[in-house]
Amino acid sequence: MTKENQVTTAEAQSALESLNKIGNETISLSRPPLWQIIILSLLSGIFTFSMAAAVHENMWGLGMWISGISIFLWVLFWKYSELLLGVRVKPMPTSGSGKVFVGLQVLYFSIVLLVGRWATESGRAEIRIEGTFPIADLPLAPYIAAIIFSVSVGFLTYKYPTNEWVKEDASK
């Protein structure tokens, strides 16, 4: 090898930092607009509330179906608008840490949904909100589960739009 073909440690470190910065910028460009994140998180909260409140085949089951289909269509719209802008993001992360991150998200959201539904079905009558509205005759569990789910979806969609762990840029 000649001397001109050798790369110094400083040059290699600089190239790695440059690639990391490009990766961070690409991920921030793939982030949906804030209004899309808000709508997605609200639809997710409505789905969670409806699923937790849908006991004994009441009308909340219809709300669950409508909000679930709306979430599916909203994500399709989001991906199609990204495609029109020339951004192509893979649906599943390619790295091992990204796959573990997605698995942990699935576990977390499953637990929130199931615990919210279980707590609604076995909720005590004394912790129910009283009112003339049918929505007010439910225990607090579906409200709490919907808020947790909605805020989590909004945060994760904003912070990790590609479901990849990203090393924060210290220069910001």
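The values are calculated or read from the model by the stated rules, or taken from the named source; none is laboratory data. Predicted model only: the values in this text are computed from it and were never measured. Ideal geometry is used to build each Cβ from the backbone, glycine not excepted, and the neighbour counts take in all protein chains shown.
Does A54 satisfy the condition of being over 19 Å from T157 (Cβ atoms) and surrounded by 17 or more Cβ atoms within 10 Å (Cβ to Cβ)? Yes; evaluated as a whole, the condition is true for this residue. May I ask you to verify whether I46 is more than 17 Å from K159 (Cβ to Cβ) and either touching a residue at least 60 places away in the same chain (Cβ under 8 Å) or aromatic (F, W, Y) (or both)? The answer is yes for I46. Of all residues in region 74-82, at least one satisfies being at pLDDT 80 or above and among the hydroxyl-bearing types (S, T, Y). For region 1-60, the set of residues classified as part of a loop (DSSP other than H, G, I, E, B), in contact with a Pro (Cβ under 7 Å, 6 or more places away or on another chain) and modelled with pLDDT of 80 or more consists of P32 only. None of V87, V100, V115 is of a type in the set (A, V, I, L, M), more than 18 Å from the chain's Cα centre (by Cα) and assigned to a helix (DSSP H, G or I) except V115. L85 - would you say it is of a type in the set (A, V, I, L, M) and without any contact (Cβ under 8 Å) to a residue 24 or more places away in the chain? Judged against the criteria, L85 is a match. Scanning region 117-150 for residues that are surrounded by fewer than 19 Cβ atoms within 10 Å (Cβ to Cβ), touching a Pro at 6+ places or on another chain (Cβ under 8 Å) and at pLDDT 80 or above returns a single hit, A119.
Considering (1) surrounded by 12 or more Cβ atoms within 10 Å (Cβ to Cβ); (2) hydrophobic (A, V, I, L, M, F, W, C); (3) part of a helix (DSSP H, G or I), the lone condition that L76 does not fulfil carries the number (1).
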